[in-house]
1. Can you name the residue in the stretch 49-67 that is in a helix (DSSP H, G or I) and either in contact (Cβ under 8 Å) with a residue 24 or more places away in the chain or of a type in the set (Phe, Trp, Tyr) (or both) and is also farthest from residue 98 (Cα to Cα) among such residues?
2. Residues that are of a type outside the set (Asp, Glu), outside any loop (DSSP other than H, G, I, E, B) and within 26 Å of the chain's Cα centre (by Cα): does the stretch 531-543 have at least one?
3. Can you name the number of the only condition in (1) buried (at least 19 other Cβ atoms within 10 Å of the Cβ); (2) closer than 18 Å to residue 173 by Cβ; (3) within 16 Å of ligand 2 (Cβ to nearest atom); (4) of a type outside the set (Phe, Trp, Tyr) that residue 22 fails?
4. Whether any residue in the stretch 151-159 is in contact with an Asp or Glu (Cβ under 6 Å, 6 or more places away or on another chain) and either part of a loop (DSSP other than H, G, I, E, B) or surrounded by 15 or more Cβ atoms within 10 Å (Cβ to Cβ) (or both) is what I want to check.
5. Restricting to the stretch 279-315, name every residue that is free of Cβ contacts under 8 Å to residues at least 40 places away in the same chain and part of a helix (DSSP H, G or I).
6. Could you check the stretch 68-89 and list, in sequence order, the residues that are within 23 Å of residue 126 (Cβ to Cβ) and not in a helix (DSSP H, G or I)?
7. Return the residues of the stretch 108-140 that are touching a residue at least 60 places away in the same chain (Cβ under 8 Å) and either part of a loop (DSSP other than H, G, I, E, B) or within 16 Å of ligand 2 (Cβ to nearest atom) (or both); say none if nothing qualifies.
Amino acid sequence: MSRVRLLPDTLASQVAAGEVIERPASVVKELVENSIDAAAHSIEVMIRRGGTSLICVTDDGIGMDRDDALLCLERHATSKIRTAADLTTVGTLGFRGEALPSIASVSRFRLTTREKDAMAGTEVLVSGGKVETVRDGGEAPGTQIEVRSLFYNLPARRKFLRSENTETRQIEHQLSLQAIGHPGIAFSLVRDGRLVFQLPASRALRDRIRDLMGNDLLARLLEVKPVQGKVQVSGFIGQAGVSRASRAQQFVFVNGRAVESPVIGSALHEGYRTALMKGQFPVTFLFLALDPAEVDVNVHPAKREVRFRDPAGVREAVIAAVRQTLESDRDSWQEQFRAPAVNLSSPVEPVTRSLVPNDEIQAHLPVDASTPAVTGRPPEVEKIDPPETPHRFRILGILNKLYVLMENADGLVLVDQHAAHERILFEELQRRMEEKGVPSQRLLLPQVVELAPRDAEWMERNLGTLQKMGLGVEEFGRYTFKLESLPPFLSGADPSRLLYDVIDNLKSASQSASPMRLGEEMIAKTVCRHAVKANDQLRAPEVEKLIRDLLECELPYCCPHGRPTMIQISLGELEKKFGRKV
Ligand code: ADP
Ligand code: MG
């Protein structure tokens, strides 16, 4: 008895819809993509009850004639590709011809559309995949699609929907993605009768980001520096230390298509290494452009993922772009410290330091309210030799034995002395390691350490790396190693403890990392212990040197664990806080 049979069309569409249309946000994505492909200048989205009761997308694009308006509801009906070869050069967001029939099969669906010069438009009503009415309609040129009662005929799917708020957030995110990807198109979103955003068509991505995310975020973004190569990278990324606990603000586009790409995600992490706190994600508005033949866009039913022909090349390009951009930020920061000292309060000498007993810097701030220390007279200052670097700042004091308070042309700067020193030590060691390996100091008494077999095996494989890092270790018998020398910065450490630490730290570092990267991770962990701490009282020249060394670092704004080293509070911000400026 034969058991195999063809599914009726409607059922087949519902099955396909399971993949393409997971939730209301997928409907929004597909409809908005269609509007973009139809060369719309303006797209309006209206939703009710998280999109479950209504999603309506209206565009002013090219519209459809009556034949197309009916045909587009058939499965695998598309105007975007014709041959298999077209798949390798897809320039539109859609190409699968699945979205409209899928959506129409799981909702009460209404399509009205009109071509620009047509006398009349067309209105099509579909319910659960069955065309019910076709008539003249569609007032303005363009297309409007209304999707009501999503999944009304698939109760199981409906049960999987999350709360209205969650679904709404997803829709907002989806629409934000499209809006960031297409700044030249005006977008608006109306939720339950209330306007959520209205974005005018803007000429530049920068304007779109400002309109959507606000000035504060924009101020903390850096424009990506172009890198030569097959993969062009552009857009904006967060400064070192700017991050989120999720990928919610990680916008990535490949040839104009918003994608989720593990390759790019991990490249971003690598590019941001030592510039992000653990568990945090960078904030990016990243655009990759490459030959369409190098990207397979047809790997995911919702076209969310892509496959690269040369993932390693893409990875390298992203890492290089991020690295260069973060490092270029230093130059602009240094500008702040080079700017003519016009704003520096009197005395206007570029570099001065407080003259306080014992040469120790103390905060000139009241410690608590009961002991007001404000004397009405500024602390006396003494000129010191012009600095060898051109940075201009004035150290005001140390707060709570930790934060260096200083002034530059832009206003007040707070520096965490511990984080700053970590960054300085880290980069110094990294540089030395890359150039010639870390110098090492012989121990008075070599230490012999016996390791567990697995650790011993790891040790053997990595002896070369350890030596470059200044750890003089050699084999000394079965599972036994002799430690003869250490880098000077570790000289106080207990040698055998240290070996165990190194093994544990390096083993947990990522597998794919190069040996030098392993070294970096270890350095990042060790410098923490060796950097000056909170409560370490530094002398004035030491603080001065600390700040100068910090400003010379490649990524001065965060410690190797991604915490900020300095915070700038501009005069403008102070004026706002004091109500001098509205
Ligand atoms: P795809 O986008 O993969 O081609 P869809 O099912 O999303 O498949 O759409 C089918 C076809 O309907 C499209 O190829 C396009 O020609 C037409 N279409 C859909 N939406 C619009 C729209 N908003 N404006 C003009 N044409 C549209
Ligand atoms: Mg489509």
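The values are calculated or read from the model by the stated rules, or taken from the named source; none is laboratory data. Please read all numbers here as calculations on a predicted model, not as lab measurements. All Cβ positions, even for glycine, are placed from backbone atoms using ideal geometry, and neighbour counts span all protein chains on display.
1. 49
2. no
3. Of the numbered conditions (1) buried (at least 19 other Cβ atoms within 10 Å of the Cβ); (2) closer than 18 Å to residue 173 by Cβ; (3) within 16 Å of ligand 2 (Cβ to nearest atom); (4) of a type outside the set (Phe, Trp, Tyr), the odd one out for residue 22 is (1).
4. Of the residues in the stretch 151-159, the ones in contact with an Asp or Glu (Cβ under 6 Å, 6 or more places away or on another chain) are none.
No: the stretch 151-159 contains no residue that is in contact with an Asp or Glu (Cβ under 6 Å, 6 or more places away or on another chain) and either part of a loop (DSSP other than H, G, I, E, B) or surrounded by 15 or more Cβ atoms within 10 Å (Cβ to Cβ) (or both).
5. Hit for the stretch 279-315 is 312, nothing else.
6. If the condition is that a residue be within 23 Å of residue 126 (Cβ to Cβ) and not in a helix (DSSP H, G or I), then 72, 73, 74, 75, 76, 77, 78, 79, 80 are the ones that fit.
7. Of everything in the stretch 108-140, those that are touching a residue at least 60 places away in the same chain (Cβ under 8 Å) and either part of a loop (DSSP other than H, G, I, E, B) or within 16 Å of ligand 2 (Cβ to nearest atom) (or both) turn out to be 128, 129, 138, 140.
Conditions (1) closer than 22 Å to residue 292 by Cα; (2) surrounded by fewer than 19 Cβ atoms within 10 Å (Cβ to Cβ); (3) away from ligand 2 (no atom under 16 Å from the Cβ), marked per residue:
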{"residue": "38", "(1), (2), (3)": "yes, no, no"}
{"residue": "57", "(1), (2), (3)": "no, no, no"}
{"residue": "69", "(1), (2), (3)": "no, no, no"}
{"residue": "73", "(1), (2), (3)": "no, no, no"}
{"residue": "88", "(1), (2), (3)": "yes, yes, yes"}
